Amino acid sequence: MPGAPTDTPADLSTECCIAGGGPAGLVLGYLLARAGVKVVVLEKHGDFLRDFRGDTIHPSTLTVLDDLGLLEAFLELPHQEISELTGEVYGQTVTLADFRHVPAPRPFLVLIPQWDFLDFIAEQARRLPTFSLRMGAKAVGVVERDGRVVGVNVETVDGESAIRADLVVAADGRHTTLRDSAGLTSEDLGAPIDVLWFRLPRDAAHDPSRTGGTIQPGAMLVTLNRDSYWQCAYVIPKGSAEALQTKGIAAFRQRVATVAPFLAPATATLAGWDDVKLLSVQISRMPRWYRDGLLCIGDAAHAMSPVGGVGINLAIQDAVAASNLLATPLREKCLATSDLAAVQRRREWPARVTQRMQIAVQNEVLAPVLAGAQAPAHLPFPLKLLQRLPRLRRIPARLIGIGVRPGSFRSCWMRDW
Ligand SMILES: Cc1cc2nc3c(=O)[nH]c(=O)nc-3n(C[C@H](O)[C@H](O)[C@H](O)COP(=O)(O)OP(=O)(O)OC[C@H]3O[C@@H](n4cnc5c(N)ncnc54)[C@H](O)[C@@H]3O)c2cc1C
């Protein structure tokens, strides 16, 4: 295949090797391959079929897909479109965000299983001659020479091998292996919550249709309408899962039914704790995202909390910025460490601002709610304002749907195509 990475069983040489086939790694692989760069993406699992990845695709990502000419095909996949986010806060229905006015080709949030999104991108990428995706290939550490990262050691069922690359990208998520193996550090910013992630069947005839959440003293439950089922996220204080589990699954079913009574009949389908996944939440960021020959992006560089459901968005925007800034130097064999620094400069501020907002919500809203504080006599002032002045709902919609520094990546990556 002309231009494809050189491939022998023992050794492989390419221009860019990306560890991690999540939103950051796969989108970066696709974009670089579209720009003519030889790319190998490594994904340690054999498929994308895991249900704890987050299911949202935001208007800013729809803009990227539109610009790439992929939006119509993407929207043919089964999905739901969310124009408003609504919650039950201490017994009152509150509209938190209205996406109808966000500046995007489609002003709504798409709910879609992440494996469908990743399969879609992988399918598009496989059509490109310089793209290669290796499933079941785990990056176990960087290869170094003279203080520079020059490749990755990879483990597959067939054994170990090395991939040499002009650039290695660590897009291997929150529990990144490559970052640590390269001696780079990350600062833990703390998260007072964990999440219990499970699904319940949805009764289309009787259940409500809206996607949102319920807040009561001592409990928060997010319910994402996935048509035939509810994807549920039950937020708990960090480290409290074990105590909850010792009380038994029946007690947990009861808790869920108390917070959201319409779910009571469906909770019977939770047969045991195997049906409920504990997702540990962390917020962290690297002071420095790169070193010679290596760049970290997405959650590997800045692990995001689920608050606002924006981590996928940020990961994809990192990929777009990285592709824009690195495709030409990679193709022309003149990549410098200053190019990697430019990616961090471009993306660090949006990640920091978003994390700051997530920390504020975690500490000021979620932690007191979970501590079991009494319901306040009145709605908190910002929520009251959102109910009185509906136009203000555009602000959270923009923050969630577009993110900070809107549009920067679009004008940026157009240069490359
Ligand atoms: C409970 C919870 C719910 C969330 N819900 C949402 C949501 O609804 N919307 C949203 O936008 N964000 C959500 N987030 C945040 C979001 O999941 C992340 O910010 C986002 O997935 C980051 O994308 P990524 O590509 O950087 O990493 P990941 O999505 O973590 O992808 C990393 C990939 O690398 C692979 N990998 C790992 N190690 C290796 C290795 N050594 N070799 C090869 N491959 C490897 C993994 O299998 C994975 O496929 C949630 C987070 C949590 C904790």
Rounded to the nearest 0.05, what FRET efficiency do residue 394 and residue 81 have when you use their Cβ-Cβ distance and R0 = 25 Å?
0.90
In percent, what relative contact order does the chain have, based on Cα pairs under 8 Å that are 6 or more apart in sequence?
22
Where both partners of a DSSP beta bridge lie in the chain, what percent of those bridges are antiparallel, to the nearest 5?
70
Rounded to one decimal in nm, the spacing of the 7 Å Cα→Cβ label points at residue 367 and residue 209 is 4.0
Using only Cα positions of the stretch 259-298, each an equal point scatterer, no hydration layer, compute I(q)/I(0) via Debye at q = 0.15, 0.35 Å⁻¹ and quote the log10 values to two decimals.
-0.63, -1.13
Could you work out how much longer the chain between residue 101 and residue 353 gets when fully extended? Use 0.36 nm per residue separation minus the Cα distance between them, nm to one decimal.
88.5 nm
According to the square roots a ≥ b ≥ c of the eigenvalues of the Cα gyration tensor, what is the shape class of the stretch 285-335, taking rounded for a/c under 1.5, prolate for a/b larger than b/c otherwise, and oblate for the remainder?
oblate
Rounded to the nearest 20 debye, what is the charge dipole size of the stretch 44-157 about its Cα centre when +1 sits on each Lys and Arg Cβ and -1 on each Asp and Glu Cβ?
580
Can you pull out the chymotrypsin sites (Phe, Trp or Tyr not before Pro) in the stretch 60-116 that DSSP calls coil and that have at most 14 other Cβ atoms within 10 Å?
none
What 222 nm value per residue comes from the helices of the chain, counting each DSSP H run with n ≥ 4 as -39,500 (n - 2.57) and dividing by all residues, nearest 500 deg cm²/dmol?
-9500 deg cm²/dmol
Helix by helix through the chain, keep the DSSP H runs that span 30 Å or more along the axis on Cα and average at least -1.0 on Kyte-Doolittle, and give those back in order.
337-361
Dipole of the chain, positive direction: furthest Cα of 293, 22, 344, with charges on the beta-carbon
344
What's the magnitude of the charge dipole for the chain around its Cα centre, counting Lys and Arg as +1 and Asp and Glu as -1 at the beta-carbon? Answer in Debye, nearest 20.
1280
Kirkwood Rh, Cα Rg: Rg to Rh for the chain?
0.98
Among 67, 274, 116, determine the one that fluctuates most according to a GNM of the chain built with springs between C-alpha atoms less than 10 Å apart.
274
Can you give me the distance in nm between label points at residue 384 and residue 140, each placed 7 Å from the Cα along the Cα-to-Cβ direction?
6.1
Okay, which of the stretch 184-198 sit inside 17 Å, backbone N to the point 7 Å along the Cα-Cβ direction of residue 277?
194-198
Assuming 0.36 nm per residue, please report the length gained on full extension of the stretch residue 93 to residue 160 beyond their Cα-Cα distance.
18.6 nm
Taking the dipole of the chain about the Cα centre (Lys, Arg +1; Asp, Glu -1; charges at Cβ), the one of 163, 58, 280 that reaches farthest to the positive side is 58
Give, in nm to one decimal, the length gained when the segment between residue 333 and residue 360 is fully stretched (0.36 nm per residue of separation minus the Cα-Cα distance).
5.4 nm
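Where a number appears in this text, it was derived from the coordinates with a stated rule and is not lab data. Since we're looking at a predicted model, the values are computed, not measured. Cβ atoms come from the backbone with ideal geometry, glycine included; neighbour counts cover every protein chain shown.
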